[in-house]
Amino acid sequence: MCGIWANFGSNECLIAQFSKAMKISHRGPDAFRFENVIGFPNCCLGFHYLAITDHLCGLQPLQIKQNPNLRLCYNREIYNFRELQKQFGFEYQSQVDGEVILHLYETNGIENTIKMLDGVFAFILLDTKNRKVFIGRDTFGVRPLFKIFTTDGCLAVCSEAKGLLDHQQSMTALTDIVPFPPGHYEEFDLKHNGKVSQMKCAQFHNFKDIPKHITFDTVEQLTADFDLEIVKKNIQLLLQNAVNKRLMSQRRIGCLLSGGLDSSLVAALVLKQMEKYNHLNYPVQTFSIGMEESVDILAARQVAEHIKSEHHEIIFTPEEGIREIENVIFSLESYDGTTIRSALGLHLVSKYIRENTDTIVIFSGEGADELALGYSHFHKIPSAEAAAEESTRLLKDMYIYDLLRSDRITAAHGLEVRVPFLDHQFASYFLSLPPEARAPKNGIEKCILRKSFEDTDLIPRDILWRPKMPFGEGVSSVKRTWLSILEDYVETQVEDHHFENAAERFPFNPPNTKQCYFYRQIFERFFPGCAGWIPYYWNAGYKVLPVCAISKEEDNSTEDQRKHSCTNGHALVQ
């Protein structure tokens, strides 16, 4: 996790550009570099560094002796950089995994380069010899990237939108700040005055497709036949491999642990793989959060005892959670109610980790609900095919909601999150399974994932078959739910007549609850006019988008339940 920033074509003074780049300093607390590109006026690159794999050589923009005309700013983990080195005979001058991008580009071109990367990344590649600029983002959008591109050729890029807000006002032609689409790269011609012209924007990978880089993977060949025992073995093998490759770190590794299926599997595999490959020279820490005696706290405690981790329980009070709402919205750059509520817990966990431990890399179970159809509304979808389409929609939009939350909140505290369920090979294999195999059965979601680890004793059996628990329920105390606490607080903050006129004040995505109205007011104060960053409310997506075949008759929830349904489906680390 790092912060990247670049500007091409703006004639603002360096001090003004420097101040914009500093708005994402939290993403890289270890070092910072700001560089003006010699020979190209009005071109600047900024980089905030969180040292993970190479403390000495990881500062960017990265240049190598073999081709000093290339400069690279990137936020990444490239898991197969050693395999690619062996395959192509590259001579690395550092231990930085991203160096492979420069070698691949020089020998294979940008499209072949990006297709061969196994990892998560967002990058800016500058080729001054050929006067080219390339930007790209990983398949799911695990690593963030935003851009502004004006009609007169100014381009600005940043890991977070807040680093581009002032650019929007200072550029000669006003334009919107937009998230760069996952799984794409874009090519620009660089002019001598520092401005650019767009040449190409293309998708290099779809998450349903088998990635090209598996040619260099050491995982054994998988059969395409659907034999349940073989499928279970393959799921085990690929998830173990996904965890193992993500253990690449010189900084201490820990795990978020809600006590749900997904985070428990990941935490257990982390401990198992670290021990197996002799990575274990410190106790692995796990972290859970909830109110006093919440079900998540109790379940996570059981898992931690089973896997023998060094466990930390963060107990929060209503006052602590409410106090952090504004900080969470500023970090998220979102007004989506479901995302904000679940982010409050992650914010408190991340804050605790940063202030009380030396753990920097944290594993999460993010992505399993989208892949394995784990959310509550999947039970209402009338066919396995429609459920598979809804899974595809959720995965496509994860970078706007769950992945945005996991990256932005952890990054705000100088942590790096890793998500093995969104491993390229694991995800493409899981999505290749027949829709019937992935759909809920007899009221139980994620059956195929649960069955795959049933005979392993990796986690306790009752945790393996524990039903999906939305974050708002899982962290609640036995006395009072977290949702009711937030609702009561919002009632004191939002007047009835203000909420009644919500659609007039906020015509795009008008808030449908007082709670959403409260969040939207805060968002607009920080990011005025930027409501388009969120195309729809997460909880409403499966009801308003045509890809999902839920009819009105299928949805038996009451109007009151629908108003509050944005608490359903999000968990801190499940």
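The values are calculated or read from the model by the stated rules, or taken from the named source; none is laboratory data. Owing to the predicted nature of the structure, the values given are computational and were not obtained by experimental measurement. Methodologically, a virtual Cβ is constructed for each residue, glycine included, from the backbone with ideal geometry; neighbour enumeration extends over all protein chains shown. With ligands, DNA and RNA removed, areas are computed over all heavy atoms of the protein, side chains included. Shrake-Rupley method; radii C 1.70, N 1.55, O 1.52, S 1.80 Å.
Brief remarks follow.
- Every pair of residues 6+ apart whose Cβ atoms lie under 9 Å, when the first sits in the range 456-468 and is open to solvent by 30 Å² or more (accessible area, probe 1.4 Å) while the second is basic (Lys, Arg): Trp465/Arg450; Lys468/Lys446
- Residues that are of a type outside the set (Val, Ile, Thr), free of Cβ contacts under 8 Å to residues at least 12 places away in the same chain and under 18 Å from Asn234 (Cα atoms) do occur in the range 439-453.
- Failed item in (1) more than 19 Å from Leu371 (Cβ to Cβ); (2) open to solvent by 10 Å² or more (accessible area, probe 1.4 Å); (3) modelled with pLDDT under 95, with Gly474 passing the rest: (2)
- Flag: Leu486 does not match the condition of being touching a helix residue (DSSP H, G or I) at 6+ places or on another chain (Cβ under 8 Å), of a type outside the set (Val, Ile, Thr), within 26 Å of Ser258 (Cβ to Cβ) and open to solvent by 10 Å² or more (accessible area, probe 1.4 Å).
- Against the test of being open to solvent by less than 50 Å² (accessible area, probe 1.4 Å), at pLDDT below 90 and of a type in the set (S, T, N, Q), the options Gln168, Gln221 yield a single qualifying residue, Gln168.
- Residues of the range 414-444 that are over 28 Å from Pro179 (Cβ atoms), part of a loop (DSSP other than H, G, I, E, B) and in contact with an Asp or Glu (Cβ under 8 Å, 6 or more places away or on another chain): none at all.
- Considering residues of the range 254-308 that are farther than 14 Å from Pro470 by Cα and among the β-branched types (Val, Ile, Thr) only, the residue most open to solvent (accessible area, probe 1.4 Å): Ile307
- When residues in the range 83-118 are screened for being charged (D, E, K, R), surrounded by fewer than 16 Cβ atoms within 10 Å (Cβ to Cβ) and within 21 Å of Arg246 (Cα to Cα), 2 of them pass.
- As a summary of the residue check, Asp455 satisfies the conditions (1) more than 19 Å from Ala300 (Cα to Cα); (2) of a type in the set (Asp, Glu); (3) modelled with pLDDT of 95 or more except for the one numbered (3).
- Residue in the range 29-50 that is of a type outside the set (S, T, N, Q), open to solvent by 20 Å² or more (accessible area, probe 1.4 Å), farther than 23 Å from Cys201 by Cβ and in contact with a helix residue (DSSP H, G or I) (Cβ under 7 Å, 6 or more places away or on another chain) present: yes
- Count - residues of the range 348-375 that are under 20 Å from Val475 (Cα atoms) and open to solvent by 10 Å² or more (accessible area, probe 1.4 Å): 3
- Any hit, the range 16-29, residues being part of a loop (DSSP other than H, G, I, E, B), within 22 Å of the chain's Cα centre (by Cα) and either at negative phi or free of Cβ contacts under 8 Å to residues at least 24 places away in the same chain (or both): yes
- Screening Lys396 on (1) farther than 30 Å from His48 by Cα; (2) surrounded by fewer than 23 Cβ atoms within 10 Å (Cβ to Cβ); (3) of a type in the set (D, E, K, R); (4) at pLDDT 95 or above shows it passes everything except condition (1).
- Index of the failed condition, Gly532 passing every other in (1) open to solvent by 20 Å² or more (accessible area, probe 1.4 Å); (2) outside any loop (DSSP other than H, G, I, E, B); (3) over 26 Å from Pro181 (Cα atoms): (3)
- Glu305 meets the conditions (1) of a type outside the set (Gly, Ala, Ser); (2) modelled with pLDDT under 95; (3) farther than 21 Å from Gln521 by Cα in every case but one. The failed one is (2).
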